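Any read-out appearing in this document is the output of simple, stated calculations on the displayed coordinates, not a laboratory observation. Being a predicted model, the structure only gives us computed values, none of them experimental. Positions of Cβ are generated from backbone atoms using ideal geometry, with glycine treated the same way; all protein chains shown enter the neighbour counts.
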Amino acid sequence: MRICDLGVRVEHSELSPRIEQLYNELAARGVSLRPDCYLGDEWFSPEGVPAISIPFYLAHPRLKALELHQMLEVEGGTADWCQMLLRHECGHAIDHAYRFSSRDDWREIFGSPEAEYAPETYTPRPYSKSFVRHLPNWYAQAHPDEDFAETFAVWLTFAPEDWRQRYHGWKALEKLDYVHKLMSEVAGNSPSITRGRRISEARKLRTTLARHYTGRRKLYAEDFPDFYDADLRAIFENGEPGGEPAATMMRRHRGALITSLVQWTGQRKYTVSMLVRKLMLRCRALKLTTPKDPVLLYFELASYLASLVTNHLYTGRFKRSV
Ligand SMILES: [Zn+2]
């Protein structure tokens with residue numbers, strides 16, 4: 001079926017009260033902008049437009065189930081996750097509405113928005129206190145625009161006394177103070193830009209669901225380089241001849257392994273799952289077996305996989321942008 005023929009709408013879906021909540025939060029902080037929220041093909045705010053594209057699959061339980069089946073996770077599928085993403089995208093939308101990022105003081109605080117935009121190649125410093133933490137993977141460090149969106153999201157989430165306490169002693173507090181100043185400056189002022197083109201609007205997408213998912217699965221199925229064989233041999237070096245095949249052991253623990261990897265690396269489940277699958281196939285081809293006492297092996301394998309995923313995240317082979 002074509003996406004435009006699905007007939008999905010924000011109204012009467014679970015998204016409606018969540019957008020309402022976003023609007024209420026904006027009202028409570030004295031912000032007059034109400035970004036146009038529409039169904040698109042993924043989470044983003046169109047360049048220069050004060051709008052938020054919410055992926056269409058969130059508008060219907062059956063589409064959410066399909067997304068889960070195809071991509072193994074549903075980005076923004078829970079109430080809290082959805083609200084976090086809405087606040088983040090709202091940061092971009094408000095920047096577009098008031099053109100904040102063209103101001104000199106904005107650039108002094110966040111850097112030049114003309115910086116190379118490559119959210120898939122940034123190298124975060126996990127302990128940096130110069131950036132707020134809202135979405136996973138230290139996403140504020142991806143680009144000045146993301147830094148602003150994340151800072152705005154934190155500003156919107158917490159009352160001023162709460163974010164002041166939470167970020168006490170952090171350099172990021174300067175950014176929060178600046179956002180606070182910006183927002184009081186424009187409080188009650190309507191933005192110069194209020195509307196714009198809805199990019200990738202779901203009701204105009206003529207591609208079919210099948211083609212849409214083939215494309216996305218291809219995008220997130222990273223092509224991991226084939227340097228694992230030597231590593232796998234080292235990890236399974238104490239395997240007993242005739243012991244349980246390594247691939248069988250991995251299949252048995254696959255669920256737990258993938259769950260913890262996703263939790264601690266912040267990587268997409270589909271990508272992690274494909275990596276584990278690929279390693280299982282290599283283990284089978286190499287006829288690796290497990291030792292009698294596998295506890296050490298479990299730790300080693302999990303650490304190895306976590307480092308693979310993390311290295312790829314830092315070195316830019318993963319595509320992750322919001
Ligand atoms: Zn963003």
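So for the chain: antiparallel DSSP bridges make up what percent, rounded to the nearest 5?
40
Among Pro144, Pro55, Pro113, determine the one that fluctuates most according to a GNM of the chain built with springs between C-alpha atoms less than 10 Å apart.
Among Pro144, Pro55, Pro113, the largest GNM mean-square fluctuation belongs to Pro113.
Relative to the present Cα-Cα distance, how much length would full extension add between Lys287 and Leu68 at 0.36 nm per residue of separation?
Additional length available on full extension: 75.6 nm.
So what's the chain giving for Cα Rg divided by 2.2 N^0.38 Å, two decimals?
In units of the globular-protein estimate, the chain measures up at 1.13.
Ignoring everything except DSSP H segments at least 4 long, calculate the 222 nm mean residue ellipticity for the chain; use -39,500 (n - 2.57) per segment, divide by total residues, nearest 500.
Computed ellipticity for the chain at 222 nm equals -16500 deg cm²/dmol.
What nm distance separates the two modelled labels at Ser16 and Ala115, each placed 7 Å from Cα along Cα→Cβ?
4.1
Tell me, Kirkwood radius of region 50-117 from alpha-carbon pair distances, in Å?
14.1
Give me Ser13, Ser128, Ser192 sorted ascending by neighbouring Cβ count inside 10 Å, so fewest comes first.
With the sparsest Cβ surroundings first, the list reads Ser192, Ser128, Ser13.
Can you tell me the orientation of helix 269-285 relative to the chain, as the angle in degrees between its alpha-carbon axis and the longest Cα principal axis, to the nearest 10?
Rounded to the nearest ten degrees, it is 10.
Translational D (Stokes-Einstein, µm²/s) of region 57-168 at 20 °C and 1.002 mPa s when Rh comes from the Kirkwood sum over C-alpha pairs?
Stokes-Einstein gives a translational diffusion coefficient of 138 µm²/s.
Pull out a ≥ b ≥ c, the square roots of the eigenvalues of the alpha-carbon gyration tensor of region 198-281, then state rounded if a/c is under 1.5, prolate if not and a/b is larger than b/c, and oblate in the remaining case.
prolate
Note the angle between two axes, namely the Cα long axis of helix 295-315 and the longest principal axis of the Cα atoms of the chain, as a number of degrees from 0 to 90, rounded to the nearest 10.
Roughly 40 degrees between the two axes.
Once label points are set 7 Å from the Cα along Cα→Cβ at both Ile193 and Trp81, what is their separation, rounded to one decimal in nm?
The modelled label-to-label distance comes out at 3.0 nm.
Please compute the contact order of the chain in relative form: average sequence separation of alpha-carbon pairs under 8 Å and at least six residues apart, divided by the residue count, as a percent.
22
Work out Dmax and Rg for region 1-112 from the C-alpha atoms and quote the Rg first, both in angstrom.
Cα only, region 1-112: 15.4, 49 Å (Rg, Dmax).
Quick check: from the Cα gyration tensor, does region 109-152 come out rounded (a/c under 1.5), prolate or oblate?
It comes out oblate by the Cα gyration axes.
Any chance you could give the angle, 0 to 90 degrees and rounded to 10, that helix 15-28 forms with the longest Cα principal axis of the chain?
Compared with the principal axis, the helix lies near 50 degrees.
Starting from the Cα gyration tensor of region 143-252, take the square roots of the eigenvalues, sort them a ≥ b ≥ c, and report rounded, prolate or oblate (rounded when a/c is under 1.5, otherwise prolate if a/b is larger than b/c, else oblate).
oblate
Strictly over 29 Å apart at the Cα level, which of Lys64/Lys218; Lys64/Lys175; Lys129/Lys181; Lys171/Lys269 would you flag in this model?
Lys64/Lys175; Lys171/Lys269
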